[in-house]
Amino acid sequence: MKITVKLIGPFVQLFGFGEKELEVPEGTTTDDLIALVSIDKSRPKIVTRNGRAVVPGEALADGDRVVISPIYSGG
Amino acid sequence: MNGWTGQFLRVNLTAKTHKIEAFSEEFARKWIGGRGFAAKILFDELAPGVDPLGPDNKFIVALGPIAGIPAPNTGKAVVAGKSPSTGGYGDGNLGTRVAEQLRKAGYDALIVEGRAASPTMLVIEDDKVELLPADAVWGKGTYETNDWIYAKYGKGVGVLNIGQAGENLVRYAVVRSMEGRAGGRTGMGAVMGSKLLKAIVVKGTKPIPQADPAGMKKVGTDDLREVHQIDKKSGWSIQSTNGVLAWCNEVAALPVRNFRKTHHPDAWKCDGERLNNARIATYGCPNCTMRCGIAIRDDEGRESELDYENIGLLGPNLEIFDLPEIGSLNYLCDDYGIDTMSGGCVLSFYADAVDHGAAPGSFRFGDAAAAKRLLGEIARRESEIGKILAEGSMRAAHKFGHGSIDYAMQVKGLEVAAYNCKFIPGMALAFGVSPIGAHHKESWVITFELKQTVRDSYGPEKAQKVIELQRIRGGLFEYIVSCRFPWIENGWSLEHYPKYFKLVSGLDWTLDDFWTVSDRVYAMLKLFWLREYPGTDRKLDYPPAVWFDPSNVDTEGPIAGRHLEYDKYDGLLQHYYDLRGYDRRGIPTWATLERLGVAAEGQAAAKFGTLT
């Protein structure tokens, strides 16, 4: 299935891309996806799937848009 | 008195006099500084009902015990007075050398009273206080005025100045410093302008009294280095505050088209990545470890320093996505001394009102050239529309009528910061209960709402989080007067601040001790509002009506079909009041005032409004 991954803020520079489409097997979770794009597990972040925050291990569906962002605090 | 200079400088522009006043250690411990000092002084000294733009209002510059001392991000000052936008308490903070220079001159606060007979510049050099003519720069923008001052006194002095907007009493005019910093979006620039006070220049040479100056110097210097290293590792400064724009666009929190939409396919054109790519220079405040001002070349070739708030509100909110065009609008606001946030909201309000046939004119969303012209007309109050819009969106809506108040994105008269809360109940509450009107600096809970709780929730956990953040952001950082960014964006522990406080004052306080001060200051601000608006009720703490409007929902995206609900919001507001110890109108009860040590102030306020 096809998933779009978008990185936010300094993650773009730190992890080398802004947005890309990935082909992943059925059953892939958000945690799998984060590992796939090499983002350190310990780095504080907020992950959203189609604009809503995810719970750990949430399963993805074809066509999902996953956004991985540092935890902003509104300046 | 270690930790404080123990003195205020009071200047009367009408009488052309000044005096140095000592304050007690008890006063210092009770109010700490910055917003705490300003709230107490304004409450005690302003008669209720004074015209914010008249000579009886006072303009205050207040500093805190660590302001100006080398430590992470301490180069900040609070400017305060009765607000021309809201008619209530107003303040703002800005990065400025005044923080260090005023304390070195021997003062923890400057209180300016009266009105000068002609354009004036106040110059403070330690005990020497002069009122000098400023006719040469009256009518000039903030950049030229700042350069004129630097040419006379050198670049090391502390400077506060205003542009044409402040001179012409635009109700959302700001105070500017260091050519890029601005503060006091509650109209503090207009308060200076009403006094014909074009600029303040400060130079100090005395040591700032500290309990352990050597210890503070060592810890402060080490921590400056450490926070800078943390920032380099986190990468926050790469996109600075504007990193959040793309995220807001993804989670439906971006203001687009006067907050009617929450996201836009072209928002990427002005996001943090594009801003970083366009960067030609970086600026920060004194003692900054993570400089957030990213300058780009605007569409007229000028250098314009941008952050998220001004991009969000002068950009997508006006349906303008071209960074150099946004930069140009930002440059004009900065030069005129217009608050970029309220400026953006006032223009979007006008475009929306015209669009709905509620206001005259042809201004449309997306028209950057017309927006530039309008900013000039507002700053100079030179056209009928410019005069009306200079009053801010709430007053302009009352003038236009035709239901246009529904398009004014404001709370208590202050325009909303760049977070669209169409369906973010806790953040809507944060705007609603902010003590100066809709400002994000008091509390920001969006990530908490999306991650730790449920976006749909109106539960007490959100009210509790708003209070927790108010104690830190609107409390601690506003009265010790230091930038919140090291903590908030890079995780610098709050425990550092009692440590700094002990090194400068010798007082061994816990964070809980500070939270009591925060609650005291918030209670005082409520008393200030009660005295100005004796009929006040909970409706004063409601966010803009458009967020509750079922006809204004998103038709697609993560919050499609959703909007705030009145009864649920009212329940959330009640949670907030209950947790704070306020009555159903949102006024602190006698028991709360006594617990916080401000019963005497309650007695004073009770002459004007009922306390329960």
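What is the total of Lys pairs in segment B:442-505 with C-alpha atoms under 28 Å apart, excluding same-chain pairs fewer than 8 positions apart?
So the count works out to 4.
Which of the listed residues, B:134, A:63, B:207, is farthest toward the dipole's positive end in the protein assembly as shown, when Lys, Arg count +1 and Asp, Glu count -1 at the beta-carbon?
Final value for the positive-end residue is B:207.
Quick one: 3J(HN,Hα) in Hz for segment A:7-19, Karplus 6.51/-1.76/1.60 with θ = phi - 60°, rounded, Gly and Pro as x.
Karplus values, whole Hz, x for Gly and Pro: 9, 10, x, x, 4, 4, 6, 6, 10, x, 7, x, 8.
Mind listing the phi-derived Karplus ³J(HN,Hα) values for segment A:67-73, rounded to whole Hz, using 6.51, -1.76 and 1.60 with θ = phi - 60°, and x for any glycine or proline?
Each residue of segment A:67-73 in turn: 10, 10, 10, x, 7, 6, 10 Hz.
Which order do the peptides B:369-376, B:338-345, B:452-459 come out in when sorted by mean C-beta neighbours inside 10 angstrom, highest first?
Listed from highest to lowest mean packing, they are B:338-345, B:369-376, B:452-459.
Find the centroid of the Cα atoms in segment B:491-552 and in segment B:228-287, then give the distance between the two in whole Å.
Cα centres, segment B:491-552 to segment B:228-287: 27 Å.
What does the convex hull of the Cα atoms come to per residue for segment B:283-377, in Å³?
87 Å³
If you take the square roots of the eigenvalues of the alpha-carbon gyration tensor of segment B:80-203 and sort them as a ≥ b ≥ c, do you get rounded (a/c under 1.5), prolate (a/b over b/c) or oblate?
Rounded, since a/c falls under 1.5.
Rounded to whole Å and sorted largest first, what semi-axes of the equivalent ellipsoid does the C-alpha gyration tensor of segment B:261-302 yield via the square root of 5 times each eigenvalue?
24, 15, 9
Mind scanning A:41/B:269; B:198/B:526; A:41/B:441; B:19/B:128 and naming the pairs with a C-alpha gap bigger than 21 Å?
Over 21 Å apart, Cα to Cα: A:41/B:269; B:198/B:526; A:41/B:441.
What aspartates and glutamates sit close enough to residue B:218 to cross-link, taking a C-alpha to C-alpha distance under 15 Å and skipping anything fewer than 8 places away on the same chain?
By straight Cα distance, residue B:218 reaches B:226.
Using only atoms on other chains, find how many Cβ atoms lie within 10 Å of each Cβ of peptide B:442-453 and report the average.
Mean inter-chain Cβ contacts per residue within 10 Å come to 3.
Averaged over peptide B:317-330, how many Cβ atoms belonging to another chain are found within 10 Å of each residue's Cβ?
Mean partner shielding for this stretch: 0.
Quick one: grab the alpha carbon gyration tensor of segment B:152-282, order the square roots of its eigenvalues as a ≥ b ≥ c, and give me rounded if a/c is under 1.5, else prolate or oblate depending on whether a/b is larger than b/c.
oblate
Once all Cα-Cα distances of chain B are split into 10 Å bins that start at 0, what whole-number percent is in each one?
For chain B, the binned pair fractions read 4, 18, 30, 29, 16, 3, 0 percent.
Under the classification rounded if a/c is under 1.5, otherwise prolate if a/b is larger than b/c and oblate if not, where does the protein assembly as shown fall, given a ≥ b ≥ c as square roots of the Cα gyration tensor eigenvalues?
The shape class here is rounded.
Given chain A, what percent of its DSSP beta bridges are antiparallel, to the nearest 5?
75 percent
With the Cα gyration tensor of segment B:353-446 in hand, convert its eigenvalues to equivalent ellipsoid semi-axes via √(5λ) and list them largest first in whole Å.
For segment B:353-446, the semi-axes come out at 26, 14, 13 Å.
Dividing the convex hull volume of the Cα atoms of segment B:490-612 by its residue count, what figure in Å³ per residue is obtained?
Cα convex hull per residue, to the nearest whole number: 155 Å³.
Could you work out the mean count of beta carbons from other protein chains within 10 Å of each residue's beta carbon in A:8-20?
Mean shielding count: 6.
Any read-out appearing in this document is the output of simple, stated calculations on the displayed coordinates, not a laboratory observation. Keep in mind that this is a model prediction, so the values were computed, not measured. Methodologically, a virtual Cβ is constructed for each residue, glycine included, from the backbone with ideal geometry; neighbour enumeration extends over all protein chains shown.
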